[in-house]
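The values are calculated or read from the model by the stated rules, or taken from the named source; none is laboratory data. Worth saying up front: this structure is predicted, and the values here are computed from it rather than measured. Cβ sites come from the backbone with ideal geometry, for glycine too, and all protein chains shown count toward neighbours.
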Amino acid sequence: MLKNGFHIDVLLIVSMKEELDIILEAEPDWQAQNDSEGFVFYTRNANVNTKDEISVALVRPVDAESGFFDSDIVSRLVNRTEPRCVSMAGICAGQRGKAVLGDVVIADRVFRYNTHKIKAFQEGKVQREETFSYIDSYNINPLWIKKARIFPSDWTDTIKTENPRAFMPGDEKPRVHIAAMGTGDHANENPEVFPVTVSHVKKVLTIDTGAFAIGAVAEIENVDAFIIVKAVADHVNSEKDDPFRFYAIEASYRFLMAFLKDNLPQPRCHLNIPINADMKYGRSEAFCHPCSAFGAS
């Protein structure tokens, strides 16, 4: 269990189990932890350079009984660990013709649409305010937007999963987009989502199932920095293309970490996390340094 007063640099949130599994597989030194309620999450240190590190906590905030995404878990972890940055990685659905499978998208705005009212809205039976909700105060740091536009593409060299599009000329590396991101239930099963949202939300490019909730938590908890990075795994259909899903998940994670390593302010010292001797990952000897919480790689 975490000690009181323990802090982390980055709280990384995913919404699906396959996102959690693939990110855990991406690094060899994740450490399993429990919060005060017994909820399991994972921690590690990531090297920024030869001397500095940023501490990362990875969590899939799903209620054990209902199986649904639970923003209260995120709020609890934010209050306990006081992260300097709340982030989200994983996969999303992209607008066909605007983003290809595997492309990375940074959300500059997040909004929520009511899946069940899309058709009624089209038919003029409900108002726009009943169909779309906004977080007006969620705006990614403008400096980060500028940095993202010119961010070097060598981060793609860290992706270990083979790009399913690599055999196509010009598609070897994913593109990075900055655009609005919508959240709705059953996001990948409603083909009317993009035609409707594009008409009423400027620069919407992707939809997912969790970004809005995390944006709300970051706003309520007054987190210093917030960033959502997703990668396109489909174009709003119910068919799954596993190779693209695996690649997209890792691509979103690799970009996020590369970007934060370059742009998050210098890390602060942390209190040690208590590590059980029989913990599955790592060794307790790696946690003796007063500014090392998890063990770096």
Check whether at least one residue in the range 242-264 is more than 15 Å from the chain's Cα centre (by Cα), over 22 Å from F41 (Cβ atoms), modelled with pLDDT under 80 and assigned to a loop (DSSP other than H, G, I, E, B), and report yes or no. no
State whether the residues of the range 187-194 include one that is modelled with pLDDT of 60 or more, touching a strand residue (DSSP E or B) at 6+ places or on another chain (Cβ under 8 Å) and polar (S, T, N, Q). no
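Filter the range 52-99 down to the residues that are of a type in the set (S, T, N, Q), out of contact with any Ser or Thr (no Cβ under 8 Å at 6 or more places or on another chain), over 20 Å from I22 (Cβ atoms) and touching a residue at least 60 places away in the same chain (Cβ under 8 Å) and list them by number. Step through it out loud before you land on a result.
Initial filter on the range 52-99 (of a type in the set (S, T, N, Q)): 55, 66, 71, 75, 79, 81, 87, 95.
Subsequent filtering for residues that are out of contact with any Ser or Thr (no Cβ under 8 Å at 6 or more places or on another chain) retains 66, 71, 75, 79, 81, 87.
Imposing the further condition that a residue be over 20 Å from I22 (Cβ atoms) reduces the set to 66, 71, 75, 79, 81.
Listed by number, the residues that qualify are S71, S75, N79, T81.
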Residues of the range 195-227 classified as in a helix (DSSP H, G or I), modelled with pLDDT under 75 and of a type in the set (V, I, T), total: 3
